[in-house]
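Structure first, commentary second.
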Amino acid sequence: MAKFTVRADHNLFCQSHYNPCQSSIFNTSVSRRHFHVFPSRPRLKFVVPCSIKEKENVKDSEKVTVPVLKGIRVDELGDEISSEKVGFNWTWPPWKNLPQRYKIIGTTSLAFVICNMDKVNLSIAIIPMSHQYGWNSSVAGLVQSSFFWGYALSQLPGGWLAKTFGGRKVLEIGVLTWSLATALVPVLAGFMPGLILSRILVGIGEGVSPSAATDLIARAIPLEERSRAVSFVFGGLSVGSVLGLLLAPPLIQNFGWGSVFYLFGLFGITWFSGFQFLTVEGPLYGASTFSWSQTVSGKKSRNPSLEELGDSIKDVPWKAFFKSEAVRAMIYAHFCGSWGHYTCLSWLPTYFSEELSLNLTEAAWVSVLPPLASIFVTSIASQFADNLISNGVETTTVRKICQTISFLSPATCMILASLDLGLPPWEVVAILTGGLALSSFALSGLYCTHQDISPEYASILLGITNTVGAVPGIVGVALTGYLLDSTHSWSMSLFAPSIFFYLTGTIVWLAFASSKPQSFLEGD
């Protein structure tokens, strides 16, 4: 067997990290390259760790005959080598080679965009619907509040289902449920019980989604990327509010109010179909930092029996949750933040119209500003939090800083708006927009703490806090209207209660909040 050796410099003819499954010609090692050109005997064997220039010199001097390199093709050297030589990347779609966790975060954020589009569409469509069916304000209020009943009732079940079956499956079912229920609204609008049921189903579908997303993030995203992941996913809600408020009016004007529900429902169904295709490409929880719960991993079936489901409910340390000061602080903080968010979401357009004397068109456009500004603030807050954690700042300290900004900023701006300072309307709008936008720091504060404390029970913890956080959507919005009729003061009815909860929430959060991991065992 002939052997030929040439001294090599650092530029090797063949790279060492080729794919051996792509060619039967080469059999390489780290230190040497063996070229088995012909499998038949006698076999000609070369050890050629030579540079390209030296290879050309050898060829020119005819020390290596032409048949030695015969049959070697560029594609046999692997996709990476060929792409480097030719200069093209034929990967399609562009996100094909992204890490799986980035795909999941991106599609989950898109689901939340659709989520808030379906949440705000009724607030615009309710006006022509009321005219068509002769609804008064009480009936219109009942239709809109029915969403929050389903939203509140589904929080705890959603958290448990996400832990038991995995956040991916629960998110899929949630999106499909609220999308189908949204598309049914025009069909059921003339039948009040059916219409209310459809809105309750929208609330249920959207209610399980935050817990499902929290489960996905807790299992798939490492701590140093968690603030950005949470902000990116839940920031989709602000994008959805903006798109919903911008798209709904022209759709209603040109195609009727029913088009909003049909189109937005179709968006969700399309997302569901695309997500099915995405999730079969590879393992979902490749970056998981903890073990799966026994109900969904290991040797147990992913389709547990009713008895096993009952046991899984009993296995949840409910008492330990409520004994934890950190969990109680999360519950109260979530309630306080939701009071300000839901009351402003429902009443600010009316405030802009009546108190600031803006016309309906101006009030509608102004209502887009807070969620639009929140998109910008969210990206800053997430980078700010993750950078602090990466630089060694204690996680609890970072969460307290972010949540304090989230509470004190809108409280300060509401105090300024409440005082009679003689400010022109657009300055008041700018102040309130800035305060409500800065409340998005909560995505790097409160909303990350569930995963920080317990990745395993993160979805259930969010279900608990979100259940309490949904109460202001039912009670706070109605109470604001009652106080407005009684006092005829926007400061007393809208701003004063929100300021109170923002300030007390800050005190409780700074005193008791913690991101220290907890096992929630009996002796913990």
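Mean separation of Cα pairs under 8 Å and 6+ residues apart, divided by the residue count of the stretch 165-273: what relative contact order is that in percent?
This gives 42 percent for the stretch 165-273.
Anything over 22 Å Cα to Cα? Flag those among Lys169/Lys319; Lys103/Lys400; Lys319/Lys516; Lys163/Lys516; Lys169/Lys400, in the order listed.
Too far apart for the 22 Å limit: Lys169/Lys319; Lys103/Lys400; Lys169/Lys400.
Run the quick spin-label model on Ser491 and Leu521: label points 7 Å from Cα toward the beta carbon, then report their separation in nm to one decimal.
Label at Ser491, label at Leu521, 5.6 nm between them.
Leaving out ligands and nucleic acids, and using a 1.4 Å probe, what accessible area per residue does the stretch 381-447 come to in Å²?
40 Å²
Could you work out the mean projected area of the convex hull around the alpha carbons of the stretch 400-515, in square nanometres to one decimal?
Spelled out: convex hull of the Cα atoms, projected over all directions, averaged, 7.7 nm².
For labels at Leu188 and Gln144 in the simple 7 Å Cα→Cβ model, what's the distance in nm?
2.0 nm
Suppose the chain between Leu423 and Asn391 were pulled fully straight at 0.36 nm per residue; how much longer would it get relative to their current alpha carbon spacing?
My answer for the length gained is 7.3 nm.
Could you give each residue of the stretch 185-196 its phi-based ³J(HN,Hα) in whole Hz, using Karplus coefficients 6.51, -1.76, 1.60 with θ = phi - 60°, and x for Gly or Pro?
4, x, 6, 9, 4, x, 10, 4, x, x, 5, 5
Averaged across orientations, what area in nm² does the convex hull of the alpha carbons in the stretch 123-247 project?
8.3 nm²
Taking the highest mean first, how do the peptides 462-468, 193-199 order by number of other beta carbon atoms within 10 angstrom per residue?
462-468, 193-199
Residues in the stretch 416-437, backbone N under 20 Å from the label point at Ser357 (7 Å along the Cα-to-beta-carbon vector): list them, ranges by number please.
What the label zone holds, given the 20 Å backbone N cut-off, is 417-432.
The values are calculated or read from the model by the stated rules, or taken from the named source; none is laboratory data. No experiment lies behind these values; they were computed from the predicted model shown. Positions of Cβ are backbone-derived with ideal geometry, glycine not excepted, and every protein chain shown enters the neighbour counts. The protein model used for the area step is the full one, side chains on, heavy atoms only, and it has no ligands, DNA or RNA in it. Shrake-Rupley method; radii C 1.70, N 1.55, O 1.52, S 1.80 Å.
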